[in-house]
Amino acid sequence: MADAWWSVLALPVMLVVAACVAAGFDALLGASAAYGPAGSVRVWGTRAATPLREARRLLGQPARRTKAADTALVRVGTALLPTAALLAGAVLPLGFTAVSDPGVGIVWFNAMEALAWAAVWLTGWGPNAALSMIGGYRFLALGLAYELPHMFALTTAGLGAGSLRVGEVVAAQEGLWFAVWMPVAFAVYLLSALAMAFWGPFDQPVGADAAQGAAAELSGVDRLVFFGGRWLLLVVAAAFSVPLFLGGGHGPLLPAWAWTVVKTAAVLALLIGVRRALPTLRLDRFMGLAWMVLLPLVLLQALAVSVVVVLR
Amino acid sequence: MTDGGVWAGVVSVVLAVLAVICAVQVFRFDSMARATYALLGSLLCVGGEVLLLGLDYLGVVIVLMMTVEMALMGVFMVMFMMNPGGLMPMTMVHNARGAAVISGLVFAGLTAGIFLVPWPVSRTRAPADPTHDLGRALMGPHMLTMMTLGLALFAAIVATVTLATARGRYGPSTPAPPHGPKGPEHPDETEAPERPHEQEAAPERPHVREDSPHAHSREDLTPSHGRQDPAHPRETGSPAHPHGREDPS
Amino acid sequence: MELRTVLLVAQPGTTEIRLAAERELRRRAWPLAPSPAAADLLILCGPPPIPTPPWLATLHTQLPPPRTLVALHTPDQAATGLLAHPVHLEGQGAEHPAQRPAQRPAEHAEDEGHSEHAAHEEHREHEGPHSEHGEHGGHEDPHSEHGGHGQHGGHGDHGNHGDHGGHAGHHMEGMAERGDDRDGLRLDRWELAYGPGLADWPAGLVLRVVMQGDVVQEAVAGSVDGVPGSGAAYWHEPWLRAARGAEVTCGEAARRRCGARLDSLGRLLAVAGWADQAARARRLRDAVLAATASRPVDPTVLGALSALTRRVRRSRTLRWLTRGLGQLPAARVRALGVSGPAMVAASEGAGDVYDRIRVWLDETDGSTALFTDTGPLPPDSAALPQHPPSAPLLAALPEMLAGAEFACARLVLASLDPDLDDAVPAPAHAHGHPHAPAPAGSGPSHG
Amino acid sequence: MSLDVFLLLAAALFSVGLYGVLSQQSVVMLMMGLELMLGGVIVAAAAVWHFLFAGADAQVLVVVAVTVMAVEMAVGFAVVTALFRTREVDMTDMAAELKE
């Protein structure tokens, strides 16, 4: 339980740096597909820096408003996304120390990332535009699809450790990581990590077919804060899989914080790669899959884990 | 969070004031989206208060449930509300004064009760882990409550599905084709029922488009679209702000 | 090196200019903006029509300031000076009555001729201390209450305005209409026009839709008027030249058809959200179109082409998403006179979006074999049929889009991919344009 | 952090919710009033747990109140949808015809 005040400041800085690195890696993958393989290291560098140049461009761009827009709701929606990510990151341990490790760490994480429901809908509703409202509603459909399997995956991890405190979940994975004996819960959690940040195959709320859906009318700082918030949420979602299923700081040779960084980077690279490999899943088809396939699977996993816990 | 002394006291008062402000705003906002999220703000403050009172698990669960619930409530607010975006200033209240008087009396009564009742000071020691305590109670002596809650939730799911879907008990057995004639169950007797409140207000929709007379008044339940209703001149009710409004930004 | 995000808008008849512009933007590594709000440069393919049509004026004002509009009159102008001479939307239509003075933040242009309803004054008393709290912005209503009980605000939206993507040709209405919805509820319906400015959208198409929420109830397809005198439709050109007796080799026709299929495939994959494969398809399209008889398509491009078609063909997710969508059975194909891939798809399979994608892939693979064939192109060869005309495809749209959800409607439209170039009047009777530079593509000899 | 502050908050939320329930014409807004009243009950229960009897009963009451909130909202909107489909009405006045 790090009660040092520096950890409260270090968390946002680390998350923003991780988000920039992840955005650079994603820009590299996208550029190699769009413009062909990078010749020299200089081209490789400029491609990796495109997100930062884009951020500078957006900072300089004045925001524009649509007619009869509810700018207050847009501003709350866009500001709420990074806030939700940072609040959810409060229970993320680096190695074995986190900003705060309450007894209900897992439920806190779930509650804070559920704030994205309000954030994306408000951002979609605010500008009073057709496509952005459609994008906002799509996130509600996505939420309905991913939320229950996600909750049961988190509960299964808590069940395995016998506690909702993230620290104890990490401690319970001393010998055997949860990902090994709870593979379905780990897979469902990764799917819901993608869905939570509406990233990869689940980016229909900001889909290319609806001109970036909820973010269609965002420009300038609003757009930067919104998409920056989405990156932060993706980083936090990927990072939370480490203490929950991949043994947090445990691992031979390397110090605890190094293992956390390595594992988070691996999960983040996997999540970013998935976006390159699949088209956007349309929610009317994914909703059926989520309710009729994922939910029973994750319930069976919870049953299996509880039987193991009772017999142990 | 345990009893943090002065600091917790200050935060609890701030959250209390915020909760009441948001609660009042819920009924003063014109836009349904703002009303919904003001209600969310109020209930998040309630979750914060429960956290401050030491019930960590229940506080966070309230925050989680309320966020998801208000997001879904937003869908219904837009579906059923006359003025979801708050662009048309209109009030949908009846006898606001009477309601204010009654709720004021109730509040006065409760406050009197709070200050007059000699609350017992002695209290049993708070258990180390209230969540563990709650879990034990729900699985032990309160198993009956747990069962009824489970059954109530299951009944709610089944009832919601049958009531809401068109193929449920109350919808037409075969959903009306999108543009077919109106289903039989729109009896004509609702054509002109006695509704005192509406008579003096211009019953038909305020028109903003001169050239498309969609006279959609309450009485006009006939399926034909855009039938120009001779009885209602078009111009009534459109606000005196014909052209070129300034933009709110 | 300067980085601009570009909104590329094409008009019917300017396919070649669009392709040249896309090549140039890829060379400069300038990203394409998905919506006007994200763009800071508007590139219009083809000369801006005088007077400025409302869709162009609306698009222009939707860009955040400082807005620059560049019009490309000829394909090679894209390569030389992209930013050489920005166009100012002068002329009668440009200065919109609702045009705000420059210093006000750019506003969504209002269309002509419709009155406003009561505006509401909004100001924020104070931001809630905890930003995760619900919004506290106060809301005062200076206007007197008028007791009109309007109809219900509905599932869709209240005022159906503020759409974007080009043509904002609908009215601003306080209360939306109400209509029967597929669940037997009477909910809001709103008329919108998705216009030429939308990303990955057939050039110049305007789709007027009546929507409830995100479900399209009715759709009517139309188009903005094309650029007269811009030469023959680009994808039909080799066949037209062969019909006029010019010397056209099978290889050139095969390359042109493969480019057409890759262009359609790229657009559909972008709408389906598979950005990487869409970018690869467009890069290979440009490589194939750039090749000539003397400089044939090099083997690495052929390898990448077969890899792309195999990857898209084997994608089970794409099949799961598009199977059963937008079915155009053989009977309707015959009734409407639809030809081209949609007809082949209807004859082979159920004629849904996935079948049309498979036909595109088969034709792409089929035409790679003919790249080096130097034999003359027979006017009506079965192996290399002409690019399908757009009129029957536009006629098929309303029945296919009615009742479709917005994402499905976009996929169905992208799978038909009507190419509106053939609707552009032939250059012969193009009425003179005083200032337009001599259109380079006027003569059929354009290679 | 005294009992009175929390009970005052509970009373305030309860009466604002009651005002909403009595004054609002739209069924949907009426249900928001109900949610506020239940919020008041939750605060009161939590305050009783913390200040008076720290037994599990108060916590179970909070769980029950939260469940009632969820069930009330779900069934309420289903009723409004069914009403809206058959009678095209969602105003409390017009819904009064069900009484005949």
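All of the numbers you see were taken from the coordinates with simple rules; none came from a lab. Fair warning: this is a prediction, and the values are worked out from it, not measured in the lab. Counting neighbours? That spans all protein chains shown, and the Cβs are built from the backbone with ideal geometry, glycine included.
Any idea what the relative contact order of segment D:3-93 is, in percent, if you count C-alpha pairs under 8 Å spaced at least 6 apart? It would help to have the intermediate numbers written out before the result.
Values: 96 pairs, mean separation 26.7, N = 91.
Here the relative contact order equals 29 percent.
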Completion exercise
Taking every residue of D:68-75, the Cβ atoms of other protein chains inside 10 Å of its Cβ average out to 6
Practice task
For C:A330 paired with A:R276, estimate the spin-label separation in nm (one decimal), with each label point 7 Å from Cα along the Cα-to-Cβ line.
Solution key: 4.3
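Determine the relative contact order of segment B:35-149: mean sequence separation of Cα pairs under 8 Å and six or more apart, normalised by residue count, in whole percent.
Numbers: 44 pairs, mean separation 23.1, N = 115.
That works out to 20 percent.
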Handout entry: Phi to ³J(HN,Hα) by Karplus 6.51 cos²θ - 1.76 cosθ + 1.60 over segment D:55-67, Hz, x for Gly, Pro
Key = x, 7, 4, 5, 5, 5, 4, 4, 4, 4, 4, 5, 5
Practice task
Work out the charge dipole of chain D with +1 on the Cβ of Lys and Arg and -1 on the Cβ of Asp and Glu about the Cα centre, then indicate which of D:L30, D:S15, D:G40 is farthest towards its positive end.
Solution key: D:G40
Practice task
Report, as an integer, the average count of C-beta atoms from other chains found within 10 Å of each Cβ along A:29-39.
Solution key: 4
Completion exercise
FRET efficiency (A:S306, B:A128; Cβ distance; R0 30 Å; to 0.05) is 0.80
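With viscosity set to 0.890 mPa s at 25 °C, what whole-number translational diffusion coefficient in µm²/s follows for segment A:5-311 from Stokes-Einstein and a Kirkwood radius over Cα pairs? Write out the running numbers ahead of the final one.
Working: Rh = 19.9 Å.
Roughly 123 µm²/s, to the nearest whole number.
Send over the semi-axes of segment C:248-418's equivalent ellipsoid, whole angstrom and largest first, taken as the square roots of 5 times the C-alpha gyration tensor eigenvalues.
Each semi-axis is √(5λ); the values are 27, 19, 12 Å.
Would you mind counting up the charge near C:A345? Only other residues with Cβ under 9 Å from its Cβ, with Lys and Arg at +1 and Asp and Glu at -1. Walk me through the numbers before you get to the answer.
On the way: positive: C:R356, C:R358; negative: C:E348, C:D352, C:D355.
That works out to -1.
Which of the peptides C:216-223, A:27-34, C:407-414, A:122-129 is most tightly packed, and how do the rest follow, going by the mean number of other Cβ atoms within 10 Å of each residue? Each step should come with its number before you reach the end.
Working: C:216-223: 20.1, A:27-34: 18.2, C:407-414: 25.5, A:122-129: 30.1.
Answer by packing, highest mean first, reads A:122-129, C:407-414, C:216-223, A:27-34.
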Handout entry: Assigned charges on the beta-carbon of Lys, Arg, Asp, Glu; segment A:174-312 dipole about Cα centre (debye)
Key = 220
Completion exercise
The correct pair for segment C:317-426, radius of gyration to one decimal and Dmax as a whole number, both in Å and from Cα atoms, is 14.9, 48
Practice task
For segment C:6-80, just list the percent of Cα-Cα distances falling in each 5 Å bin from zero outward, please.
Solution key: 3, 17, 28, 26, 19, 7, 0
Practice task
Once you have the Kirkwood Rh of segment B:1-147 from its Cα pairs, apply Stokes-Einstein at 10 °C and 1.306 mPa s and quote D in µm²/s.
Solution key: 86
Exercise for the section: Post the alpha-carbon centroid distance, segment A:228-276 to segment D:15-68, in whole angstrom. Expected result: 40
Completion exercise
Taking every C-alpha to C-alpha distance in segment B:1-84 and binning by 5 Å from 0, the per-bin percentages run 3, 16, 21, 21, 16, 10, 7, 4, 2, 0
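Charges only on Cβ, +1 for Lys and Arg, -1 for Asp and Glu: so what's the dipole of segment B:20-154 about the Cα centre, in debye to the nearest 20?
Values: 6 positive and 6 negative charges, 55 e Å.
That gives a dipole near 260 debye.
According to the Kirkwood expression over distinct Cα-Cα pairs, how big is the hydrodynamic radius of segment D:3-93, in Å? Walk me through the numbers before you get to the answer.
Working: mean 1/r = 0.0706 Å⁻¹.
It works out to 14.2 Å.
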Problem - Nearest 10 degrees, 0 to 90: helix A:50-60 Cα axis against chain A principal axis - result: 50
Problem - Per-pair calculated FRET efficiency, R0 = 35 Å: A:E174 and A:V16 via Cβ, rounded to 0.05 - result: 0.65
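Let me confirm one metric for peptide B:151-158, namely the mean number of other chain beta-carbon atoms within 10 Å of its residues' beta-carbons. Could you put the intermediate results ahead of the total?
Values: counts 0, 6, 4, 0, 2, 8, 4, 0.
Per-residue shielding by partner chains comes out at 3.
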Problem - Label point distance in nm, A:L297-C:R319, each placed 7 Å from Cα along Cα→Cβ - result: 1.9
Practice task
Once you've got the GNM for chain A with C-alpha springs shorter than 10 Å, pick whichever of A:A179, A:A211, A:A238 has the biggest mean-square fluctuation.
Solution key: A:A211
Handout entry: Placed amide H near C:E405: partners under 5 Å, 5+ positions off or other chain
Key = C:V216
Practice task
Enumerate the whole-percent occupancy of each 10 Å bin, from 0 to the last occupied one, for all C-alpha pair distances of segment A:129-279.
Solution key: 11, 36, 31, 16, 5, 0
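At R0 = 25 Å, how high is the FRET efficiency between A:A38 and C:S306 if r is their beta carbon distance? Nearest 0.05 is fine. All intermediate terms of the calculation are to be shown ahead of the outcome.
Working: r = 24 Å, r/R0 = 0.95.
Here the calculated transfer efficiency is 0.60.
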Problem - Cα lying deepest toward the dipole's positive end in segment C:187-235, options C:A233, C:A193, C:A221, charges on Cβ - result: C:A233
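For segment A:39-145, what is the Kirkwood estimate of the hydrodynamic radius, computed as the reciprocal of the mean inverse distance between distinct Cα atoms, to one decimal in Å? Display every interim value, and only then the final one.
Values: mean 1/r = 0.0604 Å⁻¹.
For segment A:39-145, inverting the mean 1/r across all distinct Cα pairs yields 16.6 Å.
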Completion exercise
Projecting the Cα atoms of C:T14, C:A38, C:L69 onto the charge dipole of segment C:6-80, where Lys and Arg contribute +1 and Asp and Glu -1 at Cβ, the residue farthest towards the positive end is C:A38
Handout entry: Separation between Cα centres of segment A:1-78 and segment C:275-303, rounded to whole Å
Key = 32
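Once you charge only the Cβ atoms, +1 for Lys and Arg and -1 for Asp and Glu, what is the size of the charge dipole of segment A:5-311 about its Cα centre, to the nearest 20 debye?
900
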Handout entry: Selection of chymotrypsin sites (Phe, Trp or Tyr not before Pro), segment D:1-63, meeting DSSP coil and at most 16 other Cβ within 10 Å
Key = D:F53
